[in-house]
1. Would you mind ranking A:T73, B:T167, A:T339 so that the residue whose beta carbon has the fewest other beta carbons within 10 Å leads the list?
2. Leaving out same-chain residues fewer than 8 places away, which lysines sit with a Cα under 20 Å from that of B:K12?
3. Students often get this wrong, so check it: of B:K90/B:K130; A:K216/A:K375; A:K40/B:K90, which have C-alpha atoms separated by over 29 Å?
4. Considering the Cα trace of region A:223-380, what is its radius of gyration and what is Dmax, both in angstroms?
5. With a 10 Å radius around each residue's Cβ, average the other Cβ atoms per peptide and rank A:214-226, A:246-258, highest first.
6. Just to check, using Stokes-Einstein with a Kirkwood Rh over alpha carbon pairs, what's the diffusion coefficient of region A:214-293 at 10 °C and 1.306 mPa s in µm²/s?
7. Using Cα centres only, tell me the gap between region B:149-163 and region A:372-431 in whole Å.
8. Decide, for region A:280-352, between rounded, prolate and oblate: order the square roots of the alpha carbon gyration tensor eigenvalues as a ≥ b ≥ c, take rounded if a/c falls under 1.5, and otherwise choose prolate if a/b is larger than b/c, else oblate.
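Only the coordinates and a few stated rules stand behind these numbers; no lab work does. Just so we're clear, the structure is a prediction, and the values are computed from it rather than from any experiment. Quick reminder, even Gly has a Cβ in these numbers, built from the backbone with ideal geometry, and neighbours come from all protein chains shown.
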Amino acid sequence: MNQHDHDSLEAELTQLTTWNAAPPAPELWRRALDADARQKRGAAVVGRWVLNWSAPRALAAAIVLVISAAIITAIMTRPARIRGTGASLEAMAQMHSRYAAAPSLDLNEAMNQTPHDDGSGVGGGVWWGDAQNGFGHPWQRELSGGSFHEGEVTANLYSAMVATPGLFTDGTPQQIHSASVSLPGYLADVQSQKFWDDSPENRSVIRKATMELIAKDVRAAFAKALHIVSEAGDEYVQDSGITGVDEDAQATLTLRVRADRLGAVLNELRELGVVQSEKLMGEDVTAQIVDLEARLRNERRVEQELLELMDKRHDAPLKEILDLRSHISSVRQSIEQITAQRERFGRLVSLATILVIIRPEPKPAEETNPQEEKKISAYFGESVADSWHDGLLYLADSMAATLRILIGGLIWWVVAIALLLAARAHLQRRAMQ
Amino acid sequence: MAASHSDEQLLKRFVGGDRDALGELAARYETALLGLACGLLNGRRDLAMDVVQETWMRVIRYGRSFNGRSSVKTWLYRVTVNQCKNLRMKRRVPRLEDDQQSEEAPQDLIETEETGQELREALDRLGPLKRSVILLCYHNGMTHEQAAEILEIPLGTLKSRLHAALTELRAALAEEVQT
């Protein structure tokens, strides 16, 4: 430290920050001015990047962002529009979710889950398929393996059944497809016993039918179908709806009719159009009802015995009397539950459920003469016309999406601009120093 | 004889379009800024010139936004110190002895006083904060108040840091002498 005493240290430190060389030529401030001028002319000075957000640049960036978002949105929405099924896709997705819940329910609940086709009508095929799947879950699978009464009846089989004298009171329906398969075993069963046993004391069957019709005038057929239901006989329309317009209209109905009128109602429905498909299903709940009734009788007997016991034991300790009352209460609760179940089965058995789908006649395909091949110019013209139309749709989609982004995301735009301005101010503060 | 203008007036004139005002401002501070930058950058004159040129670039770009909360002199020094700090953070600034062997740094662009070498090495071993405090406080004509304002720290903090830095520097130099 002898060498660097206090004074000399200070002097050396001062010397360290002293510029001893000749001043740079040209002066640095002139170089800076030249560099700045070059930058302003567009010749960027490479070597030191300075973030300098100007308002026009920020605006341009925002516009580019909006247009990009609009284009992406339009591209994503465009395929659905071209196929014309955009609206029905969502409806179909909802149907899937609803049907996923249906199989675990009983028949009545499953029918309540039956959706309306509130799409554009194009998804009707899917709806029908889903309807079959929905009804074809454990409940139906369980039945299909059982006896004839408990199984499902296809349209062809059903046509043979209705042709059997006495099976249906109204005779052979008009629009049923003729049987195309031989039905030796089933037909023998059908002829040997009635499928619809009208005597409730012998058999309790929950009946359900689905029918798909093709009609020239869907709305007229829909109105007629609604009138088939006899309100006076406790029958009612559980569900009805019509979707689409004009030739694309499609109707769905869920009818609850008296079980003994099922055949007659089906015949009336067949007259509304051409039967495309038909399905009948039955669930024999006789065993369940018998079981419920047995349990009910037993519980009532227990209740009676308990009441008698209570009458005899007036002098019993209070605790025993209270216990007895508690037992009676639980037995009565059980009786009420069983009664409710029995009544519910009774309602399901007494009213059959019919799901009707009415579709318009398919449009006839344009007849084309294979001999007349289109000329390339005509093909080109059509392609151009189609492209023009698609382009207009695309433009409309883009405009709509842009508006949606601009207006719908207004709050986010404000937030983004505020953040941008704050960041800009912060960067500028940093850049100044 | 024209009346001498204050720094703020010169800046205002420059912002108004008078390029000579910047020249006048540079005449007052360019050499001093070069010296400080050179000291902060281990005697690298080439880097010091880059830093000071960048300082003038900032004045040109942001002079219009200068709000006068500090003096122009303080602003210029603060920009220079920050630029040196950034440069040292971005790239390793070689020591003087390395520089002398470096092809990138010509001899005429390097401070070559041998007497300052030991001191530079000892300073280089200090932290960047202490180095800045020492060099700024012993920079020509700089008061402690001005140094505190440039470094944006309270005066008391500056003094305590200066004391600690000098103690550490002396110890380092003494150790060098003993070895």
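1. Working: A:T73 17, B:T167 10, A:T339 14.
Ordered from fewest to most neighbouring Cβ atoms within 10 Å, A:T73, B:T167, A:T339 come out as B:T167, A:T339, A:T73.
2. Within the straight-line cut-off, B:K12 pairs with B:K73.
3. Details: B:K90/B:K130 19 Å; A:K216/A:K375 36 Å; A:K40/B:K90 26 Å.
Exceeds cut-off: A:K216/A:K375.
4. 29.7, 109
5. Values: A:214-226: 18.0, A:246-258: 20.0.
Ranked from most to least packed, the peptides come out as A:246-258, A:214-226.
6. Working: Rh = 14.4 Å.
Rounded, D is 110 µm²/s.
7. When both Cα centres are located, 56 Å separates them.
8. Values: a/c = 4.96, a/b = 3.63, b/c = 1.36.
Prolate.
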